[in-house]
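Working notes for the structure below.
Rule-based calculations on the coordinates, nothing more; no lab input. On a predicted model such as this, the values are computed, not experimentally measured, just so you know. When we count neighbours, we look across all protein chains shown, and the Cβ atoms used for this are built from the backbone with ideal geometry, even at glycine.
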Amino acid sequence: MLHRIWQWLRPRSNDDFANEVASHLQIETDRLVASGMSESDARIAARRAFGSPTSVRERFHDSRRPVFIESLLQDVRYGLRGMRRNPSFTAIAVISLAIGIGANTTMFGTLDALLLRGPAHVVDADRTSKLYFEFPRPGEPSIPSANQGYRTYTAIRDHASGFESVAAYWTNKVTSGSGPDARLLDFVAVTPNYFSMLGIHPVVGRFFGDEEERDDNGHVAVIAAELWRSTYGGDPNILGRTIDIHGTAYRIVGVTPEGFTGVNLSRVDIWLPLGIARSLLGPTVLERHSGAYWLNILGKRRLSVSPDRVATEVTAAFREEWRDAPRYKERFATARAIIGPLQQARGPTDDLASRASIWIGAVSLLVLLLASTNVANLLLLRSLSRSREVAVRVSLGASRGRLIQQSLVEGMLIAASAVVCALFVARWSAASVNAFLLPKARPTSIIDPRLLTFTAAVGLGSGLIAALAPALVTARREFAKYLGSGRMAGGPQRVGLQRFLIGLQVALALVLLVGAGLFVTSFRQIRAIDLGVDVDHVLSVSVAFGSIQESLRDPGARATANALFGEMVDRVRRVPGVARASTSTGSAFAASSATALFRPGHSPAQGSPVPFFRAVGTDYFQTTGTALVRGRLFSPDDHRPNSHVIIVDESAAKRFLPEGNVLEGCVVVGSDPCVHVVGVVKDAVMWDMLGDKGQIVYRPIESFDGGTITTIVIRAAGDPVGLIPAIRAAVQSVSPTLPWVDIHPVGQDLDPQLRPRRISASIFAVFGILALGLAAVGLYGLLAYAVAQRSHEIGVRKALGAADAGIARLILRGALGITVSGVVTGVVASLAASKLVASQLYGVSPRDPMIIAVSAASLIVVTIIAALVPVRRATRVDPVITLRAD
Amino acid sequence: MTTKSERAALLQGTLDLLVLRTLALGRYHGHGIALAIQSSSQGALLVDHGSLYPALQRLEASGWIRAEWGVSDNNRRARFYELTAAGRKQLLREADEWRRLSQAVSLVLGPELSGG
């Protein structure tokens, strides 16, 4: 096939064929002469034997290729010549389409990975489901959750017969190695049947055996191909080598295939038996009485079983399992199982990244539509200015079909060039968009058959859209009257379609600008939320000591860990550039424990909510920048055993101590009957930036036992990120055997919540400006054309005494007429769409009049700018020259 | 020397097959192909020189043969043809078909008829 295309593209020349015929005749003559004929007789005989060389040449010509390809090639050459002749036109058309197509390629890549394509290497993904449970209660929105206990897993495995297999997994991070070599590995702990259920085979070695599900005594691990390559250099004798997991040597027994990351997109370094949870989470997590909700459950349906039937079975198994639970009636009686898709982004839980991607995908389609319209418009204008040329061709016998074909070929050429450019655009933009939306996923290549097919299809579609209008207009036009007329008759009144297209562009641009305004404002509102912590200057340091749970239970281990942290803080404080440092029992935006808090005599009902609890070291509030509202902060004297003082935040004070002055009298904290509230501080965000804040009780870490330090907070005098290496060195100098030390700006904890909003805002802003530019180009083209068409009319007007101002007004009025009708349409459209975006916005109304007004005004301003050059040209029309031209 | 009436005119498809078969033996220019067919059929098959070149062109366009200018035995410039991999496959296919066809035809004709 390739060969044939090559033949069409590089046809053999007629001359070459003629040479061959001549060579044949010569050789035949030679032969005849050699057999005794005279030279001249031989020449005649050779020619007679050959027949007529002319007719042979004709047969050669026809054999080369079908006629329609010939004409197609002609059109392609003609189109290419046209593109070369008018490079600025070509550049504008190609670039605007390339941006539109590139944006769509990028978003398709992301959406494909998130929603469409099944997880890599997994077989029968359509029969394999992830299980979610919801606990609907009247008057409350039901929030499905994928996290379950081991007990639920076994109940489903043993009783839901519609599943041919049920597997469970737990995703987390674990420290590996110590000292400067320490690092953090992303692991998935799995039940042994996890791999067989997903249809995965080891590249090397084996996966886990059944006896390894509950038990981790064998200390075996399966590593990902990526880790095998990067850390072990692809060592063929990898089996039997060991890897350090949390201070224990694990024997490597197998390697998973390249690119396999389980059912999620996030990177995985290592696979461990589920039993490892007993050393990482606590020895009882696999027991019936464990209250931990940590597992994700997968099920593979039997071929004949419907998802609905399995859902019913799973629901029944779940309720039966928990029938004897203490609060069965309130919590589990209405539980319902949801058989969700394997892709988490398509599941019933809210997924910010997929929501943002769908939005951006829709917007990029809009931009593509806009770009195609723009190119259609440019082509249309050009075809009008070519009317005479076309009329000549028609009179020379070109069929209308042929003209349409040529018009379509031109559109396709532009689209094809745009597709090539778009792939370059996408290579760059896909990387940055994916870094924003799927930061943990392995980067995907743009050279992907699905992606390339999609891009080609989008390019073809947009080329068709762009070429169709000019083609149809060409086909409908009466050409006879263009011939013989010096001017092109009937130009101005024929631009109705272009006016409509530009009006449409203006409307789309307005919608995008309003979107940009809304998303940027919303993002700024979220950024302006008072987090209660000075995120610009604060770093958070955590060290993955042994198992947190172990040290919680073991006072000796706890004391050692706390002493080490104390030593680290002392050393960190001496690092130049560190203003303050302190310790706490939890990271800044998340709480790890809770405690009761109430006035004596106001003890709350059993089971009602309690505040979060955090024990803090000296200078904690000064370090985080959490502001004092009333009373005082902890004094050095408070940081001693049995000081019986606390600080609460505003929400905790309001909600749990509403009676009288919080700073007066005793309050009950946990089992401590009389504690004094010495101060009230501002609320800090608790995980969800937009949700309830604070409700934290702070206590000096020295004042009671049971607090395990997990985190050091550091306030930098200047830029915190530059201090990280020095701080890491200071922390590690405490002990050469420290596990992985994690140091990051504390604001990073909130990044997953901000990221999709940041990208929505920036993409809308980019697209909005782009749309504005496209509309300006469209308007400019139309006006320039109109002025050229009407130069005769303008000349006459001037000769009759019209002032320049009057002529400028004439042109501008036409331009503004288009813009205003487009703006009105756009405003109506954005008001109609406001319901759709409302849920994506924070702190701004989707119908914000100011944003709509500014968007409309900027379109008007752009219209005037686009009109400047045509207006100048119109006022310079010399009436004498115009009139003489007739 | 055979008389003219005994020489078979070549059907177009047959010419293609014979050209491919000839080129399976080596590199030839157009004139050489015509001669080779003639001599290997012991003069029974006569190649019309005028039809040969369009046929060569067709085969070349189909990607079964490829051509290159070179110099002939007697020092004349000539276009030399050779078989491509696809051409080799095509030859097997066509030869097979031809054998089936000729077998079928001889079955229909039956044992030799006595002249009557």
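Below are the figures for this structure:
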| read-out | value |
| --- | --- |
| Spin-label pair A:Leu116/A:Val420, simplified geometry with 7 Å Cα→Cβ offset, distance in nm | 2.5 |
| Radius of gyration and maximum dimension Dmax of the stretch B:18-116, Cα, Å | 16.3, 54 |
| Average partner coverage of A:43-50, which counts Cβ from other chains inside 10 Å | 2 |
| Protection-proxy order for peptides A:231-241, B:35-45, each taking the mean of Cβ atoms within 10 Å per residue, highest first | B:35-45, A:231-241 |
| Proxy reagent accessibility, fewest Cβ within 10 Å first, across B:Leu52, A:Leu303 | A:Leu303, B:Leu52 |
| Rounded, prolate or oblate (a/c below 1.5 giving rounded, otherwise prolate when a/b exceeds b/c) for the stretch A:272-334 by Cα gyration tensor | oblate |
| Most positive-pole-ward Cα, A:Val877, A:Gly826, A:Ala866, against dipole of the stretch A:806-886 from beta carbon charges | A:Val877 |
| Estimated dipole of chain A in Debye, rounded to 20 [Cβ of Lys and Arg +1, of Asp and Glu -1, Cα centre] | 4220 |
| Largest-first ellipsoid semi-axes for chain A, taking √(5λ) over the Cα gyration tensor eigenvalues, angstrom | 69, 41, 25 |
| Quotient of Cα Rg and 2.2 N^0.38 Å for the stretch A:731-821, N being how many residues it contains | 2.42 |
| For chain A, calculated [θ]222 nm from helices alone, where every DSSP H run of n ≥ 4 adds -39500 (n - 2.57) | -17000 deg cm²/dmol |
| Net charge dipole size for the stretch A:731-886 [Lys, Arg +1 and Asp, Glu -1 on Cβ; Debye, nearest 20] | 660 |
| Full-extension gain in nm, A:Arg524 to A:Asp324, via 0.36 nm per residue minus C-alpha separation | 67.0 nm |
| From the C-alpha gyration tensor of the stretch A:219-310, square roots of 5λ in Å | 29, 21, 11 |
| Point-charge dipole on Cβ atoms (K/R +1, D/E -1) for the stretch A:67-195, about Cα centre, debye to 20 | 460 |
| Cysteines without a disulfide-compatible partner [chain A; Cβ-Cβ under 4.7 Å] | A:Cys421 |
| Per-residue average of Cβ from other chains inside 10 Å of A:324-333 | 0 |
| Residue (of A:Trp271, A:Ala507, A:Thr110) at the positive-pole extreme of the protein assembly as shown, dipole from beta-carbon charges | A:Ala507 |
| Label point distance in nm, A:Val305-A:Leu810, each placed 7 Å from Cα along Cα→Cβ | 8.1 |
| Pairwise FRET efficiency - A:Ala853 versus A:Thr560, Cβ, R0 = 51 Å, nearest 0.05 | 0.20 |
| Average projection area in nm² (convex hull over Cα atoms of the stretch A:81-153, one quarter of hull surface) | 10.8 |
| Sequence-separation-based contact order of chain A, relative, with Cα cut under 8 Å and 6+ spacing, percent | 15 |
| Residue order, fewest to most surrounding Cβ atoms within 10 angstrom, among A:Leu779, A:Leu452 | A:Leu452, A:Leu779 |
| Helical segments meeting 24 Å axial Cα length and Kyte-Doolittle -1.0 threshold in chain A (DSSP H) | A:14-34, A:67-85, A:87-111, A:352-385, A:400-437, A:449-476, A:496-527, A:555-573, A:751-789, A:804-838, A:849-875 |
| Dipole axis of the protein assembly as shown (+1 Lys, Arg; -1 Asp, Glu on Cβ), positive-most option in A:Gly781, A:Gly670, A:Ala46 | A:Ala46 |
| Spin-label model distance (nm) - B:Ser39 vs A:Asp742, 7 Å beyond Cα toward Cβ | 8.6 |
| For residues of A:18-27, the mean tally of beta carbons on other chains within 10 Å | 6 |
| Computed lengthening from A:Ala22 to A:Asp181, 0.36 nm per intervening residue step minus Cα-Cα distance | 49.3 nm |
| Largest to smallest principal axis extent of the C-alpha atoms in the stretch A:65-188, angstrom | 73, 50, 43 |
| Spatial extent of the stretch A:544-691: Rg and Dmax, with the Cα atoms as the point set, Å | 16.4, 51 |
